[in-house]
Structures are given as structure tokens and as C-alpha cells.
Amino acid sequence: MRFLTIIIAFTCASCNSYIQIIDTKSTNCKTESDTHFFENDSVKIIYNFWGLHGNMAFSVFNKTDKPIYVNWKNSSFIVNGEKYDYWSDVENTKTDAVTTGYAIYSRYGVSSGSSKTSAESVTTKPEKVTFTPPKSSSKKVSFYLMPQEYFTLSKNKKETEVPYSVKPKKKATVYVDSYSKDNTPILFRNYIAISGSEDATSFVFIDNEFYVASVREMSLNHFRGKAIGYENGETVFEKKDKKSNSFYLYVPNGQLASQNP
């Protein structure tokens, strides 16, 4: 999924100049340093939504002195009341094709040669139960929070001016739509089952609830901020709004909030 996200981001960044930052709140998790987390006597669950279209990414830390087991068959990701299963009894097969051979070169190019293509398939089955030893954590990344492209901002959006991240003496325009739990466009939950044994039939269920609290639309340049380095052939930007409890979307040109009714 990470590789797909990078491709999408690169493609969109080359043809769009505006983005939306989606900020979330939780009804039953704590939030510190812009990170949502849930904690009881046994576990601490830490969330990180940051990414294009958002990720339901989280880690489960086992606080106890005994192993715990997360049962994905009895766990779900729920968006606006619709359930999506973390586990299904379906095998996944991945095939990699490899071409080998030789070529004889002359002053005019390749004069002769041969090649052979072989394919190797690997079949895996999704993990039904995750074993987590004492004082350790396991991670899960499974779903996009918002697969669709972008939000259409409402007539009630607010227009604000903030210091331009690239040149602070200048101003940047930001459009903001704010929501409560009652009128949010997206209400999502992470419902996970935890037990003390791999073959357990009874579980402790943790149900963490979140919602989209605001959508902020701004220019791509303001979002990226100043260039701070160069890595793997690409420029690295500040991205001051990068937060674990937020994610972002690219907005096609011609669909800006300022042009919406």
C-alpha cells in the first residue's frame, strides 16, 4: 500500500496545486502531541492516520507480563456504520516474472542472443491472530480512511489568511469547514478483539471512535513549506501540518473551494 501511495502522490503532485488537510478528533481516545491513543491496564493503542487519503494505522502495545493475542476475525474497521473485515479466509498469490538471457553485441548493435522468462508464485494467507509478547507492540495498516478524491466544501466555509509558510511576511489563504460528531461527513471506528490465548472464544473488545472535525484547503506550496533537504532524488519539504491525527487529499485544479458555490 505504501508503494501505491507514493505513485499516487507523485502523479497528483505533478498536476495539482491545492490540497486539503483533514483533521480528526476522537470521542473516547486521549490526544497528546497531535496523536490519538487509547490506554487501559493491559494495552496502549497508538494511532497514526497521516498519509495521502489517510491510513487506519495503529500499534498495539502489550503492557502486561503475559502474551496477548489480537483476533482479526472478530475485529472490524467501521466507516459511517458500514463494516469492513480485517481478516478473510482467502489466500493471496503474488507472481514475480524474471527474464534472464544473453546477447552478442557487434559494432551495429545486438546481432544475436536468447532470453528466458520464468515466473515464481508465492501464496500467503492473511494473519488471523497476532501474537504480541509482553512489553512489545504489533502494528497494523489496512484501510484508507477516505478513498475518494476530495471534499466539496460547504457554503459555510470560512476564509482565513495565515502567514505563508514559504515566505512568512506574505499571507496565504486557507478555507476551513468545521464539523461536530453530529454533522461530520465521516465517522469511523476501530473495533478490535483481544484475548489471552490464541484459540480463545471470548474476548475483550476495544471500540475506538473518531470523526472528521475539519477540512482545511490551501495551496500545495503553503502545505509543503520550505525545502529543507534532498533525498533519493527528491526535494524534502517542512510540511509543518504533518500530524498523526490528520491526513491529506489532493484537489484537482478547477475544484478549489473559492470556486465552489
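Laboratory data are not the source of any read-out in this text; all were calculated from the coordinates shown. Quick caveat: nothing in here was measured; it's all calculated off a predicted structure. FYI the Cβ positions are ideal-geometry reconstructions off the backbone, even for glycines, and counts take in every protein chain you see.
Based on the Kirkwood radius over alpha-carbon pairs, what is the Stokes-Einstein translational diffusion coefficient of segment 158-214 at 20 °C with 1.002 mPa s viscosity, in µm²/s? Once the numbers are plugged in, D ends up at 140 µm²/s. Placing unit charges on the Cβ atoms of the charged side chains and taking the dipole of segment 181-246 about its Cα centre, the candidate lying farthest along the positive direction among V215, S244, G229 is G229.
The overall shape of segment 117-224, judged from the alpha-carbon gyration tensor, is prolate: a/c is not under 1.5, and a/b is greater than b/c. Expressed as a whole percent, the proportion of Cα-Cα pairs in segment 173-250 lying more than 16 Å apart is 69%. Summarising the label geometry, the points placed 7 Å from Cα in the beta-carbon direction at T31 and N183 lie 1.8 nm from one another. At q = 0.17, 0.28 Å⁻¹, what base-10 log of I(q)/I(0) does the Debye formula yield for segment 22-93 when every alpha carbon is treated as an equal point scatterer in vacuo? Evaluating at q = 0.17, 0.28 Å⁻¹ gives log10 I(q)/I(0) of -0.85, -1.38. The slack between E161 and T235, meaning 0.36 nm per residue of separation minus the straight C-alpha distance, is 24.0 nm.
Working from the Cα coordinates of segment 213-256, the gyration tensor eigenvalues give, after taking √(5λ), semi-axes of 21, 15, 9 Å in decreasing order.
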